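The structure appears right after this line, and notes come after that.
Every number in this text was worked out from the coordinates using simple rules, so none of it is lab data. All values derive from a computational prediction rather than experimental measurement.
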Amino acid sequence: MAKFHLKLCFSALILFCLTADVCSRGPVYKPPSVERLTDRFSPSTVDKSYDVAFGASNIHVTNNGTTAALSLDKSSGSGLVSKNKYYYGFFNAAMKLPAGFTSGVVVAFYLSNANLFPHNHDEIDIELLGHEKRRDWVLQTNIYGNGSVRNGREEKFYLWFDPTQDFHDYTILWNNHHILFLVDNVPVRQVAHTPAIGSVYPSKPMSVYTTIWDGSKWATHGGKYAVDYKYAPFVTMMRGIEMEGCVSDRRNATDSSSPCSRSGISSLDPVEGEPFSQLSRQQSGAMAWARRKHMFYSYCQDKIRYKVLPPECNAN
């Protein structure tokens, strides 16, 4: 009788997995409640915020300019670049990712000035890495400062939702106090601007990019699984665009000196002000939850890659 009940329970579990798809995703966690920082800023349209960076034929703007579809096929990927360059700011995109077999596909929302400072560039990355078989999409965050491209500072997370079923907010906050990476307003990573991080902290004006492209050489298990174009086109949808911050003078695009005050907390600056200078207790708790439940790689724990960990790892 015990064997019969065990077999019955196992059969029920298999049926539940097939219908709910929870076995491939692992436990489903409800995130803690946090303040919605995205509600503090007004949304913008694609045409007011972005220009085409590449793959124009694979970019389609709909809904009166509020939604963009970016696709990757065998001929090309596609990407948008912000009309303005920013010394710092609050940047958001709500995205719905491609479903199905997406190994090697990379959807990226990031800041960079590599085109202006090719040997000394800064970068702040949110990269969503496609999956093979029934594995989840992976969220990868990274920063580079002043050309430190040989020393990535990656952290990787599993998401607590299916990013292919609906739109979710992916946010970067960058100011003089810290860099925050947020998903649906939940902070998942903070890079504090301390002496330990030094010149690696991004400091020069950057553009905002949203792209989809072929990362077969590295994206899935170090390039083990390449993009399979029989499942193309891979389409990511974007809306909920928010860009608020200190805009660079485009006439002096390579001038790294900022016209904006970054010396302290300013009540007049919505991105440098008190709500954005440090995490609240609620946000700190939510970030601890995200890192405990969903982070599976941090460069600060990679002693094989780093014989001597970067100084900011020991300062935390």
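General observations
- Per residue Cα convex hull volume in Å³ - calculated over the range 21-113: 166
- Computed over Cα pairs, the Kirkwood radius of the range 77-153 leads via Stokes-Einstein (1.567 mPa s, 4 °C) to a diffusion coefficient of 92 µm² per second.
- Solvent-free Debye scattering, log10 I(q)/I(0), computed from the Cα coordinates of the range 119-247 at q = 0.16 Å⁻¹: -0.93
- When the pairs LYS204/LYS307; LYS74/LYS217; LYS96/LYS204; LYS85/LYS156; LYS156/LYS230; LYS156/LYS217 are compared against a 23 Å limit on Cα-Cα distance, LYS204/LYS307; LYS96/LYS204; LYS85/LYS156; LYS156/LYS230 fall above it.
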